[in-house]
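See below for the structure under consideration.
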Amino acid sequence: MNEPDSAPVGAKPAPSNLVMRVLAALVLAPLAIAIAYAGGWLWALFVTLVSIGLFAEWLMVVGAGSAALTGAGTVVIAMMGASVVFGALKTSVVTGLIGGALVTLIARGKFLWAASGFAYAAAALLASILLRKDLVNGFSALMFVLLVVWATDIGGYFAGRSIGGPKLLPRVSPKKTWAGALGGFAASLAVAAGFAACGIGKAVPLLLVGAVLSVVSQLGDLFESAVKRRFGVKDSSHLIPGHGGLLDRLDGFVAAILAAWIIGFLRHGVHSAGSGLMVW
């Protein structure tokens with residue numbers, strides 16, 4: 001994200017808010033990396049809890065956050081996560097389909113938005129766990145996605161603030177600029193080049209994949225901004241100091257991890273998606 005959607009047009013970031021953003025990132029980023037490195041059930045548990053949070057926040061944003069709906073989605077997502085970590089992918093998918101139908105029935109008048117939120121959270125869950133499950137390149141693939149998304153976010157933020165200029169999509173996100181989008185894109189290429197320089201993948205394929213993931217990440221950010229604007233919401237929650245909620249923080253990651261898994265899956269199959277993403 002180039003700049004916070006909630007900031008007034010033309011305003012500079014408040015020092016206290018920027019400090020909170022940095023402090024939160026300094027705590028959360030190493031934690032996420034450590035859990036990703038551990039992998040296995042710990043990563044699956046972490047991703048499952050985050051996915052439940054994404055679904056709950058989505059329901060609050062669209063005005064459908066009833067206890068019954070949130071509870072049903074929580075149970076289904078937890079069952080999906082448990083199934084995947086124990087190698088029962090088909091069971092997880094079937095559980096998701098049946099659970100998604102149940103969520104849709106409970107939502108009634110908000111069924112389309114509830115179903116979309118459930119699909120969003122479930123996709124984030126499955127892609128994040130399955131990409132990491134690759135025993136050979138799972139961790140490097142996951143780190144590649146994380147660092148590309150973070151670089152896109154940070155590069156976009158500072159390029160947007162320092163350069164400014166024409167707006168990207170003012171009706172969707174008034175603060176995002178073309179300079180921020182290009183700055184984030186350039187930062188993602190630097191990450192890809194860094195991986196190649198360290199011998200983790202070939203330069204040209206990684207640059208291309210990094211470019212795709214950066215663009216997809218920014219589109220995911222804009223998608224979440226459009227949903228919030230549709231319902232007149234500034235932040236999905238105030239869970240993360242300086243960042244808003246999980247949806248605000250992970251909108252780009254959800255889109256990028258899903259795209260990364262699809263690329264890896266198409267090249268090397270379900271259980272070697274990490275290698276499919278990193279080895280060309």
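The values are calculated or read from the model by the stated rules, or taken from the named source; none is laboratory data. Nothing here was measured: the structure is a model prediction, and the numbers come from that model. So basically every Cβ, Gly included, is an ideal-geometry build from the backbone, and we count neighbours across all protein chains shown. All accessible areas refer to the heavy atoms of the entire protein, side chains included, with ligands and DNA or RNA removed. Shrake-Rupley method; radii C 1.70, N 1.55, O 1.52, S 1.80 Å.
Annotations for the structure displayed:
- Residue check for Val209: touching a residue at least 24 places away in the same chain (Cβ under 8 Å), open to solvent by less than 30 Å² (accessible area, probe 1.4 Å), under 18 Å from Gly53 (Cα atoms) and among the hydrophobic types (A, V, I, L, M, F, W, C): no
- So Ser272, is it within 18 Å of Tyr120 (Cα to Cα), touching a residue at least 12 places away in the same chain (Cβ under 8 Å) and over 12 Å from the mean Cα position of the chain (by Cα): no
- Unmet criterion (only one of (1) closer than 15 Å to Val215 by Cβ; (2) under 17 Å from the mean Cα position of the chain (by Cα); (3) surrounded by fewer than 24 Cβ atoms within 10 Å (Cβ to Cβ)) for Phe139: (1)
- The residue of the stretch 21-67 that is modelled with the highest pLDDT, among those that are over 16 Å from Asp235 (Cα atoms), open to solvent by 30 Å² or more (accessible area, probe 1.4 Å) and not hydrophobic (A, V, I, L, M, F, W, C), is Tyr37.
- Which listed residue is among the charged types (D, E, K, R) and closer than 28 Å to Gly40 by Cα, from Lys110, Lys133: Lys133
- Single residue of Val22, Val61 found to be closer than 30 Å to Phe158 by Cα, in contact with a Ser or Thr (Cβ under 6 Å, 6 or more places away or on another chain) and of a type outside the set (D, E, K, R): Val61
- Considering residues of the stretch 169-187 that are crowded, with 22+ Cβ neighbours inside 10 Å and touching a helix residue (DSSP H, G or I) at 6+ places or on another chain (Cβ under 7 Å) only, the residue nearest to Phe139 (Cα to Cα): Ala187
- One residue from Gly220, Gly245 being open to solvent by less than 30 Å² (accessible area, probe 1.4 Å), without any contact (Cβ under 8 Å) to a residue 40 or more places away in the chain and closer than 19 Å to Ala119 by Cβ: Gly220
- Criterion (assigned to a helix (DSSP H, G or I), open to solvent by less than 40 Å² (accessible area, probe 1.4 Å) and out of contact with any His (no Cβ under 9 Å at 6 or more places or on another chain)) met by exactly one of Ala151, Ala190: Ala151
- Where Phe253 falls short, out of the listed (1) in contact (Cβ under 8 Å) with a residue 40 or more places away in the chain; (2) open to solvent by less than 20 Å² (accessible area, probe 1.4 Å): (2)
- First in the stretch 64-93 and free of Cβ contacts under 8 Å to residues at least 60 places away in the same chain, second anywhere and surrounded by fewer than 17 Cβ atoms within 10 Å (Cβ to Cβ) and of a type in the set (Ser, Thr, Tyr), Cβ under 6 Å, 6 or more apart: Ser83/Thr91
- Any hit, the stretch 166-188, residues being over 22 Å from Ile257 (Cβ atoms) and touching a Phe, Trp or Tyr at 6+ places or on another chain (Cβ under 6 Å): yes
- Test: Val93 is surrounded by fewer than 17 Cβ atoms within 10 Å (Cβ to Cβ), within 21 Å of the chain's Cα centre (by Cα) and not small (Gly, Ala, Ser): yes
- On inspection, Gly71 does not qualify as at pLDDT below 95 and either acidic (Asp, Glu) or open to solvent by 20 Å² or more (accessible area, probe 1.4 Å) (or both).
- Some residue of the stretch 223-234 being assigned to a helix (DSSP H, G or I), in contact with a Leu (Cβ under 7 Å, 6 or more places away or on another chain) and either open to solvent by less than 30 Å² (accessible area, probe 1.4 Å) or farther than 20 Å from Ser51 by Cα (or both): yes
- Selection status of Ala196, out of contact with any Lys or Arg (no Cβ under 9 Å at 6 or more places or on another chain) and either part of a helix (DSSP H, G or I) or aromatic (Phe, Trp, Tyr) (or both): no
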